[in-house]
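Presented below is the structure to which this report refers.
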Amino acid sequence: MRFILILPPDLFSFEYRKLPYLASDPASIMSLQQETNGPLPQADAAEPKKKLLYLAVCDPDLEVTGATVRMGAFVKHLAGFYDVSLVHMTGSGYRVDPEVESRFLSPELYRKADRLLRNTRFDYLLADYGLAAVYGRILASRHRIPLIYCSMNVEYRMYLEQSRYDFRRALLTPYVYWAERSACRAARLVVAISENDRREYEKWIPGEKIEVVPQGFEPELSHPHYEPSPDARPVVLFVGNFRSEHNRQAARKIVRDILGPVAQARVDVKFQLVGASPPEDLKGPNVECPGFVDDLAPYFRRANLVIAPMPFAHGMATKIICGLAFGKTVLTTPEGAGAIPRRYRQLVVAPLDQFASKILELLSTRPPVDASQFELISEDFGWPSLISRLCQRIEHSCGK
């Protein structure tokens, strides 16, 4: 069997100036800087910011998956505490394809990061999202810099699950397992997305090396402080990138099994399935599939109910956290809820075979917007709070 290594696309860089990322000269790596938006990890705010090199195999500017949304938030908010330089690949990675396979060994990504580390003194190296671990481990050892490994989920387990639908994932699983385990062992600090993931990593490393930072949201953008839509037609919302198998399965479950009984009782109901690359078979008189949208906020605000009928899931579902932030009642499966605490009134967990009846019940009994627990949700999942705590942990675990 022959394996062909396909060289990756060009690397891009972005400059942060309290604005969305702005494309810069692809040949340069720009520093991400921002005025301090909170107390620095170091006690003396007059001291220069420490330097952090952020290494990723995905593009934080393409917020089309939960992983890239999380990555973009990390880069943005870490730049409030550190002088952050970002090196990453274009694209965000879904199913295994030549572009994704090229990330398993990219000489160009390694050379750019290595050049930065040789020419600039960095205090920390953060390797984000799975296979960045390979580069992070080598570079941290070569340049004797503390490594922070940031995980979106337990990668090798995700590959095992996805191998049921894409056999190439099975071929790559041993490599991913090795990369992830070796990075965890080499890192001074491992950032997990949930307590469930922490327990998995504790099979490899001591628990004191692990910090849990759940999926988050921007409280200034995602909040329940708005007037509900005057439109009386009930809207049930599902969001997700349909290149991901679990989102495709969930959407087909909605159309084939859930929509019919609900529409029979509520003929005016509309199911909105929003996300990139929707399958062609997601059709029906009560279904709307707008595809990829630049801004999900109007869809969350308009919805009466957010659903996540996930047959399986990894990490922590962004759609659920965002639904709670917008004050929506969110109906999901035990698999979809995962490690999200069950203490939020808006979060309703039920098995798939009860979804139709639950949707009808919740449309009749729950308000379209519930702001009663927003302060609690912001403290648990707001990015400013989460990243501030992470920076304190970085200084405790990695500071010199």
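The values are calculated or read from the model by the stated rules, or taken from the named source; none is laboratory data. Since the structure is predicted, the reported quantities are computational estimates derived from the model, not experimental observations. Ideal geometry is used to build each Cβ from the backbone, glycine not excepted, and the neighbour counts take in all protein chains shown.
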With (1) farther than 22 Å from D197 by Cβ; (2) at pLDDT 70 or above; (3) among the hydrophobic types (A, V, I, L, M, F, W, C) as the list, and A43 as the residue in question, which single condition is left unmet? (2)
Looking at I193, I205, which one is of a type in the set (V, I, T), closer than 30 Å to R342 by Cα and more than 18 Å from the chain's Cα centre (by Cα)? I205
Take the stretch 158-199 and flag every residue that is over 19 Å from A127 (Cα atoms) and modelled with pLDDT of 90 or more. R199
I'm trying to understand the selection: among the residues of the stretch 276-305, which are part of a strand (DSSP E or B) and among the charged types (D, E, K, R)? E288
Determine whether R248 is surrounded by 16 or more Cβ atoms within 10 Å (Cβ to Cβ) and touching a residue at least 60 places away in the same chain (Cβ under 8 Å). no
Which helices (runs of 4 or more DSSP H) does the stretch 332-395 wholly contain that include 2 or more residues that are within 20 Å of G216 (Cβ to Cβ) and at pLDDT 90 or above? 374-381
